[in-house]
Amino acid sequence: MRSYVDAKIEERRVAIEVGAEEAASAKDRVDLSLPGVVRPLGSRHLIRQVFQEIEDIFFSIGFSVVDGPEIETPYYNFEALNIPEFHPVRDDMDTFYLELPKGAPGLLLRTHTSPMQIRTMEKQKPPVRVIVPGRVYRRDNPDATHSFAFHQVEGLAVDTDITFCDFTGTIEYFVKQFFGPSVKTRFRPSYFPFTEPSVEFDVSCVFCGGNGTTSSGTCGKCKGAGWIELFGAGMVDPAVYGFVGYDPKKVTGFAFGIGIDRLAMLKYGIDDIQAFFQNDVRFLKQFP
Ligand code: 2U9
């Protein structure tokens, strides 16, 4: 009788052990028919995407990209660009100066990416064909169209035989690649210390096709003008070549600057520049 009971106990023990093992392995078993876990993926910031788009267009016509420091010296940000101390343009580019120990050489946050064109010419003989994308700083009060930090792409081409026609042709090529072939351009005389002659480039309004009106009345984007101001540009002022050791009698060139935040706002219909800096996922998600 005892051996009978022992056998029954052993039988039960084994059954329990095997059952537990089976239950355990069933628990660990992977159900291959279940849908996978979808992990949220980030994407490039819209400003970064626009930089890339512009870089690709200029790559295709022989430009290369350079970038450099956001903290600069007054020499590279102003003097070498033909903006001497007390030039009124310095007031327009309200500048952030770094707080430094007394006697230390002055430093500032660059107000444009132009210092890099100076640094490039210092290092390299003509021909030069570069674009400089980057973040710049000006003491502006923040509102829907102003920010104390914003983004630019500047460009520079210098060689022994560059003409005003090369300049306008390059800008027109870029604008048509960026906005499409039907966009028209025009330029108006302007003034910058680092270019002579200087111009401002307008593009026909991409919202009303340049008509100034839409089906709902006056176009709100160009305020009925049919044109939108996009670029500052011009032929490089010969005085600038003196600062980088180029011979102003032998070389000519053109330069331009585009505000990227404004360009992106135009192209993607964004009405508040602050959206670029708030990193609100609901905004970022719209530009995958
Ligand atoms: C060198 C020589 C010339 C770059 C230029 C502008 C005109 C210009 C503005 C566009 C909108 C700044 O972002 S913005 O507010 N830029 O109007 N920039 S010519 O000229 C240079 C640069 C470097 C050596």
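The values are calculated or read from the model by the stated rules, or taken from the named source; none is laboratory data. No experiment lies behind these values; they were computed from the predicted model shown. Here Cβ is always computed from backbone atoms with ideal geometry, including for glycine, and neighbour counts include all displayed protein chains.
Quick check on GLY106: is it within 15 Å of GLU154 (Cα to Cα), in contact with a helix residue (DSSP H, G or I) (Cβ under 7 Å, 6 or more places away or on another chain) and touching a residue at least 24 places away in the same chain (Cβ under 8 Å)?
No; evaluated as a whole, the condition is false for this residue.
For the stretch 28-72, name all the residues that are part of a strand (DSSP E or B) and among the charged types (D, E, K, R). Quick ask: steps written out before the conclusion?
First pass over the stretch 28-72, keeping only residues part of a strand (DSSP E or B): 64-65, 71-72.
Scanning the stretch 28-72 gives a single hit, GLU72.
Considering only the stretch 77-89, I want to know if a residue exists there that is more than 14 Å from the ligand (Cβ to nearest atom), modelled with pLDDT under 95 and touching a strand residue (DSSP E or B) at 6+ places or on another chain (Cβ under 7 Å).
No, the stretch 77-89 contains no residue that is more than 14 Å from the ligand (Cβ to nearest atom), modelled with pLDDT under 95 and touching a strand residue (DSSP E or B) at 6+ places or on another chain (Cβ under 7 Å).
Does the stretch 266-288 hold any residues that are assigned to a helix (DSSP H, G or I) and more than 13 Å from SER43 (Cα to Cα), and which are they? Talk me through it step by step, then tell me what you get.
Residues of the stretch 266-288 assigned to a helix (DSSP H, G or I): 266-268, 275-278, 281-284.
Correct list: LEU266, LYS267, TYR268, ALA275, PHE276, PHE277, GLN278.
Name the residues in the stretch 165-177 that are surrounded by fewer than 18 Cβ atoms within 10 Å (Cβ to Cβ) and either among the polar types (S, T, N, Q) or within 22 Å of the chain's Cα centre (by Cα) (or both), would you?
Those that are surrounded by fewer than 18 Cβ atoms within 10 Å (Cβ to Cβ) and either among the polar types (S, T, N, Q) or within 22 Å of the chain's Cα centre (by Cα) (or both): THR168, GLU172, TYR173, LYS176, GLN177.
Just checking, which of GLY226, GLY234, GLY210 is buried (at least 21 other Cβ atoms within 10 Å of the Cβ) and in contact with a Ser or Thr (Cβ under 7 Å, 6 or more places away or on another chain)?
Matching residue, one of GLY226, GLY234, GLY210: GLY234.
Picking from GLN286, GLN274, which residue would you name as being touching a residue at least 60 places away in the same chain (Cβ under 8 Å), more than 16 Å from the ligand (Cβ to nearest atom), out of contact with any His (no Cβ under 6 Å at 6 or more places or on another chain) and farther than 22 Å from ASP159 by Cβ? Talk me through it step by step, then tell me what you get.
Details: GLN286 fails: touching a residue at least 60 places away in the same chain (Cβ under 8 Å).
That would be GLN274, the only listed residue that is touching a residue at least 60 places away in the same chain (Cβ under 8 Å), more than 16 Å from the ligand (Cβ to nearest atom), out of contact with any His (no Cβ under 6 Å at 6 or more places or on another chain) and farther than 22 Å from ASP159 by Cβ.
Is it true that MET93 is at pLDDT below 95, closer than 17 Å to VAL153 by Cα and either among the aliphatic types (A, V, I, L, M) or surrounded by fewer than 20 Cβ atoms within 10 Å (Cβ to Cβ) (or both)?
It is true that MET93 is at pLDDT below 95, closer than 17 Å to VAL153 by Cα and either among the aliphatic types (A, V, I, L, M) or surrounded by fewer than 20 Cβ atoms within 10 Å (Cβ to Cβ) (or both).
Can you confirm whether the stretch 90-97 contains a residue that is assigned to a helix (DSSP H, G or I), within 23 Å of ILE228 (Cα to Cα) and within 13 Å of the ligand (Cβ to nearest atom)?
First, the residues of the stretch 90-97 that are assigned to a helix (DSSP H, G or I): 90-92.
Cutting the leftovers down to within 23 Å of ILE228 (Cα to Cα) gives us 92.
Imposing the further condition that a residue be within 13 Å of the ligand (Cβ to nearest atom) reduces the set to 92.
Within the stretch 90-97, one or more residues are assigned to a helix (DSSP H, G or I), within 23 Å of ILE228 (Cα to Cα) and within 13 Å of the ligand (Cβ to nearest atom).
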